[in-house]
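S.K.: The structure that follows is given in the form of structure tokens.
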Amino acid sequence: MSEVEYESEPAAAADIFGSQLDLARAYTDRLAKDSETFGLLGPRELPRIWGRHVINSALLSELVPVGSKVADIGSGAGLPGLPMAIAKPDAQFTLIEPMERRSNWLQQVISDLEIKNVDVIRSRAEEVQRTDFDIATARAVAALDKLLKLLTPLIRGSEGKTVLAMKGSRAPIEIVEAKSRLDLLGFDAPEIITLGLGRAPETATVVRIKLKQS
């Protein structure tokens, strides 16, 4: 099999992954090589695999406190959960992915690379029975209104009770569209956070929302 060509590693990778950089490199290499076979990323994404996908996802780890339990729903290629887990080895991550070939790929990569702080559940988010995740996150899964319906049950029984939704320029609009859902579910006012300014090839826009403490 010929080598797959993809984006060269940006200088920001060393800053963001630190001592875990070799693990981030190994994951990025597997993601690039296996993308076509497992339907992970489109071929046009390989020239921006580090900046748009791996580093962009890892930026969210800055919002994860030490010891947190994090659920990543619709994880697919492990985004954002796996880069977050590599950048944040002192938190525990669970990747929730319903598609068999992708969940199998995730389990294989985690095993091969010996990533210790990640588990995989093959399931739809709404079928997961756990409620003790401190943080629930997702990338490119659904609009915020629908996403909250999927994520909220996973965090209700936890201390953290936080949603981190990766969004783009439509974040303010999606927040307005989700207002009724936010009120119904009992969330505090959402924050829009921009991560990676001046550090990363592409910034990450995150909507952080916390359930009101009962």
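S.K.: Find all pairs meeting these conditions: Cβ atoms under 9 angstrom apart; at least six residues apart or on different chains; first residue within segment 54-73 and at positive phi; second residue not aromatic (Phe, Trp, Tyr).
M.R.: That search, which allows pairs on different chains as well, returns GLY67/ASP90; GLY67/ALA91; GLY67/GLN92; GLY67/ASP134.
S.K.: Spot the failing condition for ILE175; the list is (1) under 28 Å from GLY196 (Cβ atoms); (2) under 16 Å from the mean Cα position of the chain (by Cα), and only one is missed.
M.R.: It is condition (2) that ILE175 fails.
S.K.: In this structure, does LEU59 turn out to be aliphatic (A, V, I, L, M) and under 25 Å from ALA13 (Cα atoms)?
M.R.: On the way: aliphatic (A, V, I, L, M): yes; under 25 Å from ALA13 (Cα atoms): yes.
Criteria met by LEU59.
S.K.: Part of a strand (DSSP E or B) and either touching a helix residue (DSSP H, G or I) at 6+ places or on another chain (Cβ under 7 Å) or of a type in the set (A, V, I, L, M, F, W, C) (or both): does that describe THR137? Before the answer, list the steps.
M.R.: Numbers: part of a strand (DSSP E or B): yes; either touching a helix residue (DSSP H, G or I) at 6+ places or on another chain (Cβ under 7 Å) or of a type in the set (A, V, I, L, M, F, W, C) (or both): yes.
Against the criterion (part of a strand (DSSP E or B) and either touching a helix residue (DSSP H, G or I) at 6+ places or on another chain (Cβ under 7 Å) or of a type in the set (A, V, I, L, M, F, W, C) (or both)), THR137 qualifies.
S.K.: What's the number of the only condition in (1) over 17 Å from GLY81 (Cα atoms); (2) of a type in the set (Phe, Trp, Tyr); (3) surrounded by 21 or more Cβ atoms within 10 Å (Cβ to Cβ) that PHE187 fails to meet?
M.R.: PHE187 satisfies all of (1) over 17 Å from GLY81 (Cα atoms); (2) of a type in the set (Phe, Trp, Tyr); (3) surrounded by 21 or more Cβ atoms within 10 Å (Cβ to Cβ) except (3).
S.K.: I need a count of the residues in segment 39-85 that are within 17 Å of GLU7 (Cα to Cα) and among the β-branched types (Val, Ile, Thr).
M.R.: 3
S.K.: If you don't mind, another one. Would you say GLY157 is assigned to a loop (DSSP other than H, G, I, E, B), without any contact (Cβ under 8 Å) to a residue 40 or more places away in the chain and at positive phi?
M.R.: Details: assigned to a loop (DSSP other than H, G, I, E, B): yes; without any contact (Cβ under 8 Å) to a residue 40 or more places away in the chain: yes; at positive phi: no.
Answer is no for this residue.
Where a number appears in this text, it was derived from the coordinates with a stated rule and is not lab data. From a predicted model like this one, the values you see are computed outputs, not experimental measurements. Cβ: placed from backbone, ideal geometry, glycine included. Neighbour counts: every protein chain shown.
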